[in-house]
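Q: Before I ask anything, here is the structure I am working with.
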Amino acid sequence: MTSSIIKRVLRVSMCVTVFGLSALSAGAQTQDAGVKGKTFAYITPGLDLPFWRHIAKGVETGIGKAGGTVLTLDSRNDASAQLKNAQDAISKGVAGIVLSPTDSSTAPSVLALAKRAHVPVVIADIGTNGGDYASFISSDNEKGAYETGKKVAEVLKAKGWASGGYGMITVSLARKNGQLRSAGFRQAMKEAGVQELGLNQLQRYTSEESFKYTQDMITAHPGMRCLFVQVDVATLGSAKAIQAARKGDDLVLAGFDGVEDYIPMLNDGRLIAFGMQQPNLMGEKAAAALVDAVNGKTPAKSIVVPVIVITKDNLQENMAVVKQTVSF
């Protein structure tokens, strides 16, 4: 091989090597030096509900992009389990915590524990009655429920059912999100002149629990024309109860959150509308805020994610957003 050929080969080899190192460097820049290799915790009320699993996925995605890993801890809707989860996470040396509390009154004890250990906390949904935290990621619960109520009111008016009254099966009213959803839907119904007939608060957040509540409400108020259920799995239970009571043609159902089962229910009329939260997006925003906090930055104290009201008429045009942020 001549010397000129050897020089050309060496130049090409050097270019390939430099390009390869540049590509590796660019890939590394997608991770965060202050986060890479660190472990974080996501403490959730209950992985039995799809909503919390979606938030967990969003947190894992966001932290993973920054180079960290996530330990997901299930509190099983129990405040003492939640506190133990926080203690365990801190003892394992987590760099930060995303907390979705069992209710707003139980969050301050976790926040106090984390503060003493100098572990930053971002709250994802539900909210807190007090304590120090880096950021609060929430859905626009009141506006979302209000807009859902407006859609329902249109249907009731069109059917001539506005005088029939409505009921609600709510998130525990010890949770800020339950208070806001109830207030928003109630305001829409008040503006439409529809009377509130009854309210039951979920405690176990199961289909069976809402089935029983719906049965009881239909028995107590046989002329009721609308039921608003604030949790996805509970909405499925209420739909079954309405069908079992043969009230499908006399009573409209509205929901909140979002699960894949809602799609056929919208199409066949078992569900008239629902306020779709964006839990994957909420989880990713919580992760981003926590990464900022760990790096000594100050994330926004409140980050509000819009609720998209879905009906049969606008379902298809919103499916791209649904797939991206809810992961059906």
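The values are calculated or read from the model by the stated rules, or taken from the named source; none is laboratory data. Here the structure is a predicted model, which is why all the values come from computation and not from measurement. With ideal geometry, Cβ positions are generated from the backbone for all residues, glycine too; neighbour counts draw on all protein chains shown.
Q: Within segment 252-266, can one find any residue that is assigned by TED's automatic domain parsing to the domain that holds THR170 and without any contact (Cβ under 8 Å) to a residue 24 or more places away in the chain? Break it down stepwise before answering.
A: Taking segment 252-266 as the starting set, the residues that turn out to be assigned by TED's automatic domain parsing to the domain that holds THR170 are 252-266.
Okay, now just the ones that are also without any contact (Cβ under 8 Å) to a residue 24 or more places away in the chain, so 264.
For segment 252-266, residues assigned by TED's automatic domain parsing to the domain that holds THR170 and without any contact (Cβ under 8 Å) to a residue 24 or more places away in the chain: present.
Q: Looking at the structure I just gave you, is ALA188 small (Gly, Ala, Ser) and outside the structural domain of THR235 (by TED's automatic domain parsing)? Show your work before the answer.
A: Values: small (Gly, Ala, Ser): yes; outside the structural domain of THR235 (by TED's automatic domain parsing): no.
It is false that ALA188 is small (Gly, Ala, Ser) and outside the structural domain of THR235 (by TED's automatic domain parsing).
Q: Out of all the residues in segment 82-126, which are of a type in the set (Val, Ile, Thr) and either in a helix (DSSP H, G or I) or on the phi < 0 side of the Ramachandran plot (or both)? Please lay out each step first, then the result.
A: Step one: of segment 82-126, the residues of a type in the set (Val, Ile, Thr) are 90, 94, 97-98, 102, 106, 110, 119, 121-123, 126.
Once the filter is applied, which keeps residues that are of a type in the set (Val, Ile, Thr) and either in a helix (DSSP H, G or I) or on the phi < 0 side of the Ramachandran plot (or both), segment 82-126 yields ILE90, VAL94, ILE97, VAL98, THR102, THR106, VAL110, VAL119, VAL121, VAL122, ILE123.
Q: I would also like to ask the following. Can you name every residue in segment 225-250 that is part of a loop (DSSP other than H, G, I, E, B), surrounded by fewer than 23 Cβ atoms within 10 Å (Cβ to Cβ) and not acidic (Asp, Glu)? Before the answer, list the steps.
A: Taking segment 225-250 and keeping what is part of a loop (DSSP other than H, G, I, E, B), we get 225, 230-231, 245-250.
With surrounded by fewer than 23 Cβ atoms within 10 Å (Cβ to Cβ) added as a condition, the list becomes 245-250.
Across segment 225-250, the qualifying residues are ALA245, ARG246, LYS247, GLY248.
Q: Also, I was wondering about something else. In segment 282-304, what residues are part of a strand (DSSP E or B) and buried (at least 19 other Cβ atoms within 10 Å of the Cβ)? Give the steps one after another, and end with the answer.
A: Of all residues in segment 282-304, those part of a strand (DSSP E or B) come to 302-304.
Those that are part of a strand (DSSP E or B) and buried (at least 19 other Cβ atoms within 10 Å of the Cβ): none in segment 282-304.
Q: Limited to segment 268-322, what total is found for residues that are of a type in the set (Lys, Arg) and touching a residue at least 40 places away in the same chain (Cβ under 8 Å)?
A: Step one: of segment 268-322, the residues of a type in the set (Lys, Arg) are 270, 285, 297, 301, 312.
Next, from what is left, pick out any that are touching a residue at least 40 places away in the same chain (Cβ under 8 Å): 285, 301, 312.
Qualifying residue count, segment 268-322: 3.
Q: Search segment 201-224 for residues being in contact (Cβ under 8 Å) with a residue 40 or more places away in the chain and aromatic (Phe, Trp, Tyr), and hand back the single one that is surrounded by the most Cβ atoms within 10 Å (Cβ to Cβ).
A: The selected residue is TYR213.
Q: For segment 258-279, indicate whether the set of residues that are within 19 Å of the chain's Cα centre (by Cα), among the aliphatic types (A, V, I, L, M) and in a helix (DSSP H, G or I) is non-empty.
A: Step one: filter segment 258-279 for residues within 19 Å of the chain's Cα centre (by Cα), giving 258-263, 273-279.
Checking the rest, the ones that are also among the aliphatic types (A, V, I, L, M) come to 259, 263, 273, 276.
Restricting the remaining residues to those that are in a helix (DSSP H, G or I) gives 263.
Among the residues of segment 258-279, at least one is within 19 Å of the chain's Cα centre (by Cα), among the aliphatic types (A, V, I, L, M) and in a helix (DSSP H, G or I), which makes the answer yes.
Q: Out of ILE63, ILE43, which single residue is modelled with pLDDT of 95 or more, assigned by TED's automatic domain parsing to the domain that holds THR298 and assigned to a strand (DSSP E or B)?
A: ILE43
Q: Within the group GLY130, GLY198, GLY149, GLY165, which residue is crowded, with 24+ Cβ neighbours inside 10 Å and out of contact with any Ser or Thr (no Cβ under 6 Å at 6 or more places or on another chain)?
A: GLY149
Q: State whether the residues of segment 13-23 include one that is in a helix (DSSP H, G or I), at pLDDT below 95, closer than 23 Å to LYS176 by Cα and of a type in the set (Phe, Trp, Tyr).
A: Residues of segment 13-23 that are in a helix (DSSP H, G or I), as a first pass: 13-23.
Narrowing the set further to residues that are at pLDDT below 95 leaves 13-23.
Keeping just the survivors that are closer than 23 Å to LYS176 by Cα gives none.
Looking for residues that are in a helix (DSSP H, G or I), at pLDDT below 95, closer than 23 Å to LYS176 by Cα and of a type in the set (Phe, Trp, Tyr), one finds none in segment 13-23, hence no.
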